[in-house]
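Notes follow the structure.
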Amino acid sequence: MSGVPQPRAQKTFYLETFGCQMNVHDSEKVVGTLLEEGYQQVDSIEKADLILYNTCSIRDKAEQKVFHRLADYKKLQAEGKKFGVLGCVAQQEGEKIFERAPHVSLVCGSASYTKLPEMLVQLDGKSRAADSGAADSGFLASLAMTNAGEGLGNEELTSLGSADETVRRSTDNLVRITGLDDRQTDKCFETEFTARTNPHRGYITIIEGCDKFCAYCVVPFTRGKERSRTSHSVLAEARQMADLGYSEIQLLGQNVNSYRDPSGNKSFAELLVAVGEVAGIRRVRFTTSHPRDFGRDIVEAIDARPALCNHVHLPVQSGSTRLLDAMQRLYTREQYLERIAWMKAARREISITTDVIVGFPGETEADFSQTLSLLDEVGYDGVFSFKYSARPNTPALKLDDAIPEEEKSRRLEVLMARQREIQVARYKRYVGIGCEVMVEGYNDSRAQWIGRTSQNKTLNFTVSAGPVPVVGSYVSVLVTRSFPNSLVGEMVGLVG
Ligand code: SAM
Ligand code: SF4
């Protein structure tokens, strides 16, 4: 059959995601993009031609995990599998990834996702040429040879014309593609091909990047400058999701409330209200809010519109103004507490959660006790607490007075124990109260339905009589027991 083109088997990919909700949602967009390019998603590395890791570099541990994963599966390269690193580690480490993991073919930072379809075509085209042992002469002819390797061994670096995108062809026929825009990018990763994994609640990114430059944080370097989508495009996506049957939308951004509508039509609070007014949308969440940009209008919107969930995640990082200043957080303890007071004055009880870092350089015992006293004063329903992790490029690297690792661990334990006591008391208050939950699933081993309240609390429940709930529907549940992180109850009825 020589000369007759043979149909190519469908290319397959496996994608593992590390890190935050932004990464989870980026992965949904990456999956949609790959499906559109003709790939098929598979659920194991063994079945995949292309293995992708969407990475997180917020703490050192998260970054190391990715390199361990790459090392674990390195031998599969001999079977012709290709590896790609996406997201924050890709952005941060760039081409150094090829040095640490030479079997990687594709490196695409989060600020370059808009170029992903183009890069996949190149990867596929180049791989085919490499597989057949023949260079894609038309393609190569259009490339300008610029360098022979920067210590990367047997390869040539060729530029694709754009300053930040290159294809490397190694002499062992490994194709290497990078797409690493820097902070100058003004594009958002908008795509009509998002492959959302949950059919009832979905994410919409409304703002990407960060301009705040907290002293400890790598995000401004990995996710580029702050750039918002127009309210028009956000609302169009919300309507589209509602038409598909979604009833809950979570608006995302590293600092979601720093949103600035490029068309100048809506403030963040007005956008929240408008999304809540989309027919079919019953719940709107948003995360993460930065205290400096947290206005009273957000609280007023939550108070006025039941569709806006009464939960705010407002990371404080430390209870000490001295340390907040060293962290370059742009607010004091008092200013933070003022925002908490606005929320506590609301007519609907707003559940508040936060992030805390312990062991930032120079954190004294007195600073740490101020963080503990802040926990008591606010009464959080949840705290994500982290040991400070030194990150590349960040200003905090230059600070003296590093806190020893054991002391960081001790402070973390003390903080978690204190917060646990607070949560035991806070969750107990719900016993005897009726809550509306969205049904998220069924836990066979516990014989309980899983629900989530507007306040973002997990409320597991049983059904002793009446109709069986459906996943994605809303039901009313009477809380009968409480734990530090969840509630238990009995369904009392469906909610129309
Ligand atoms: N933009 C949000 C804000 O400003 O509050 C936070 C987003 S950040 C991706 C999520 C959390 O990771 C932060 O709130 C902080 O507690 C934690 N984090 C960031 N950098 C860290 C570091 N170097 N070490 C430990 N925790 C860190
Ligand atoms: Fe990181 Fe600070 Fe930006 Fe949040 S505001 S993403 S902590 S730099």
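Values in this text are rule-based calculations from the coordinates and carry no lab data. Nothing here was measured: the structure is a model prediction, and the numbers come from that model. A quick note on method: Cβ atoms are made from the backbone with ideal geometry, for glycine too, and the neighbour counts reach across all protein chains shown.
A few points about this structure:
- Angle in degrees between helix 333-344 and the longest Cα principal axis of the chain, rounded to the nearest 10: 70 degrees
- Cα→Cβ-extended label distance, 7 Å offset, between Asp211 and Ala366, nm: 3.6 nm
- Rounded to 10°, Cα long-axis angle of helix 21-36 versus longest principal axis of the chain: 40 degrees
- Between region 449-478 and region 412-430, the alpha-carbon centres lie 24 Å apart.
- A cut-off of 5 Å between modelled amide H atoms, ignoring neighbours fewer than 5 places along the same chain, links Glu190 with no other residue.
- Listed by chain and number, the lysines whose alpha-carbon sits under 27 Å from that of Lys344, ignoring those within fewer than 8 places in the same chain, are Lys212, Lys266, Lys428, Lys457.
- Residues in region 428-436 carry Karplus couplings, in order, of 4, 5, 8, 5, x, 9, x, 10, 8 Hz; the curve used is 6.51 cos²θ - 1.76 cosθ + 1.60 with θ = phi - 60°, and Gly or Pro positions show x.
- Potential lengthening between Glu334 and Ala195 on full extension [0.36 nm per residue; Cα-Cα distance subtracted]: 45.8 nm
- Calculated [θ] (222 nm, deg cm²/dmol) that DSSP helices of n ≥ 4 give over the chain, each run adding -39,500 (n - 2.57): -9000 deg cm²/dmol
- Compared with the alpha-carbon gap, the fully stretched path from Asp400 to Ser373 is longer by 7.2 nm at 0.36 nm per residue.
- The listed peptides 280-289, 65-74, ordered by packing as a protection proxy, come out as 280-289, 65-74 (highest mean of other Cβ atoms within 10 Å first).
- Estimated distance in nm for a label pair at Arg446 and Asp43, the labels positioned 7 Å out from Cα along Cα-to-Cβ: 2.3 nm
- The lysines whose alpha-carbon is closer than 28 Å to the alpha-carbon of Lys82, local same-chain residues fewer than 8 away aside, are Lys11, Lys29, Lys47, Lys61, Lys65, Lys74, Lys96, Lys115, Lys126, Lys187.
- Annotation: amide H of Thr12 within the under-5 Å range of Gln40, Asp49, Leu50, sequence separation 5 or more or interchain, hydrogens built in the peptide plane.
- In this label model, Asp297 and Arg100 are separated by 4.2 nm, measuring between points 7 Å along each Cα→Cβ vector.
- Proximity of backbone amide H atoms, modeled 1.01 Å from N, is registered between Leu251 and Ile204, Arg285, Phe286, Thr287 at under 5 Å, excluding neighbours fewer than 5 places apart on the same chain.
- Tilt relative to the chain, helix 60-72 - C-alpha long axis, 0 to 90 degrees, to 10: 40 degrees
- When Rg and the Kirkwood Rh are both derived from Cα coordinates, the Rg/Rh ratio for the chain amounts to 1.00.
- Karplus 3J(HN,Hα) series, Hz, for region 348-365 with 6.51 cos²θ - 1.76 cosθ + 1.60 (x for Gly, Pro): 8, 5, 9, 7, 10, 10, 8, 10, 9, 10, 10, x, 4, x, x, 5, 8, 4
- Compactness of region 245-341, taken as the C-alpha radius of gyration over 2.2 N^0.38 Å, stands at 1.16.
- Dividing the Cα radius of gyration of region 1-120 by its Kirkwood radius returns 0.99 for Rg/Rh.
- Listing Arg296, Arg223 from fewest to most neighbouring C-beta atoms within 10 Å gives Arg296, Arg223.
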